[in-house]
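Engineer: The structure's right below; bear with me while I get my questions together.
What follows is calculated from the coordinates using simple rules that are stated; it is not laboratory data. Please read these numbers as outputs of a predicted model, since none were measured by experiment. With ideal geometry, Cβ positions are generated from the backbone for all residues, glycine too; neighbour counts draw on all protein chains shown.
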Amino acid sequence: MGFGFCELCAEAYFLNGQNEGPDHPCPTRSRIIDPSKHMVTSYRGVESFLRATAIPQGYQIIIENGLPLDINVQNRGFDTTVVFFQGAIDSRWTLPAFAGMGVSSDTAVNRIFISDPSLVLTDRLNLGWFVGNSRMNIQKNLLDVISHITGTWGDQRLIFYGASGGGFASLFFSAHFPGSLAIVSNPQTNVARYELAAVERFAEVCYGVRGDDPMSQLPEDVTTDLLGLYRQPRGNVVAYMQNSTDIAHVENHMNPLLAASHPDNEIHVLLGQWGDGHVAPPKPIHVDALAVAASEDWQGGLAAMGFERAQLPIRV
């Protein structure tokens, strides 16, 4: 028995040595941020962050309704910024979880890494699609946060990057920033059509929803199906990488999106054979795609990589 101190609510609490039970109501999934290695700036809520006139380098920790929104900001002086979203994580991982650091280390871009706040709720949850939960509308908040960060940096070309569940987030956010580019691999495009156990766990943990068709019971102001967005002209460009042997994602996610998309939308597809099932493209392909993102000619660079522009809508 002892005392702990919660950085989320700034309260002292009894510690029973098990990091669970009724001792303290805040989420208890491990987060490790070492201030001796990282510059850390904390904010009491999204509104406080949006009032900041300058965004320092390093970790931005926004505590919103008891949950941390962890963002790693790296302005490296370029005119292109990539926003990275992670996909599913292992239950043994600590947070924050940032994807894309290795593949983008040598690319001439600024970088924003975002960890899904819903994953803090419990180690039972390994994927949240950056949709939100009953404490935080992550989609709405991140639209404001991303706009604010890049707005303080001046004119920026925006890139959104993610694989699988992170690809869903990239497609969502890119659709709200005309002129941006989404680089995605094997993404989900409709959460309800992903693996049932993962969908039900997300609905229960994040929104307390159980029963049949849980996505239909979520709040109306969150998006879990991207087809409706892309039925309208979005003004963005999509670089869509899909492993051809990942039949579930081809049939349940890629094909429906291409079939529903407005003819004016610009979606470039790279079908590959990178292994059996839900296998990501090799690292060199990701590196090349990010190099194209940093270039002045997205269409030419994607074509040189083997992407083909989809003639929308396709028949499936």
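Engineer: At 0.36 nm per residue, minus the direct Cα-Cα distance, what do LEU271 and THR152 gain on full extension? Give it in nm, one decimal, please.
Structural biologist: Net length gain for the segment: 39.1 nm.
Engineer: Of THR223, GLY66, PRO256, which is farthest towards the positive pole of the chain's charge dipole, taken about the Cα centre with +1 and -1 on the beta-carbons of Lys, Arg and Asp, Glu respectively?
Structural biologist: Among THR223, GLY66, PRO256, the one farthest towards the positive end of the dipole of the chain is GLY66.
Engineer: Here is a follow-up. How large is ³J(HN,Hα) for each residue in segment 142-152, as worked out from phi by the Karplus curve 6.51 cos²θ - 1.76 cosθ + 1.60 (θ = phi - 60°), to whole Hz, x for Gly and Pro?
Structural biologist: 6, 4, 5, 5, 5, 4, 5, 4, 5, x, 6
Engineer: Ok, one more. Provide the convex hull volume over Cα atoms per residue for the chain, in Å³.
Structural biologist: Convex hull of Cα atoms, per residue: 136 Å³.
Engineer: Could you check the spin-label model distance between ARG51 and GLN232? Points 7 Å from the Cα along Cα→Cβ, value in nm.
Structural biologist: 3.2 nm
Engineer: What do you get for Rg/Rh of segment 185-262 when both radii come from the Cα atoms and Rh is the Kirkwood radius?
Structural biologist: Ratio of gyration radius to Kirkwood radius: 1.00.
Engineer: What are the residues whose amide H is under 5 Å from the amide H of ARG157, where those residues sit 5 or more places off or on another chain and H is modelled from the backbone?
Structural biologist: THR80, THR81
Engineer: Based on DSSP loop calls and a cut-off of at most 10 other Cβ atoms within 10 Å, the longest stretch of the chain free of exposed GluC sites (Glu not before Pro) is what?
Structural biologist: 21-219
Engineer: Roughly what would the spin-label model give for LYS140 and ARG29, points 7 Å off Cα along C-beta, in nm?
Structural biologist: 2.2 nm
Engineer: Now for a different question. Of all the C-alpha pairs in segment 67-216, what % are more than 24 Å from each other?
Structural biologist: 29 percent
Engineer: What is the dipole size for the chain, taken about its Cα centre, with +1 at each Lys and Arg Cβ and -1 at each Asp and Glu Cβ, in debye to the nearest 20?
Structural biologist: Around 280 debye, computed over the chain.
Engineer: With a cut-off of at most 16 other beta carbons within 10 Å, and DSSP calling the residue loop, which trypsin sites (Lys or Arg not before Pro) in segment 204-309 qualify? Please list them.
Structural biologist: ARG210, ARG231
Engineer: So what's the angle, to the nearest 10 degrees on a 0 to 90 scale, between helix 196-207 and the longest Cα principal axis of the chain?
Structural biologist: Computed tilt is about 50 degrees.
Engineer: Right, here's the next one. Would you kindly calculate the translational diffusion coefficient of segment 198-316, applying Stokes-Einstein with the Kirkwood radius from alpha carbon pairs, for 37 °C and a viscosity of 0.692 mPa s, and quote it in µm² s⁻¹ without decimals?
Structural biologist: Here the translational diffusion coefficient equals 202 µm²/s.
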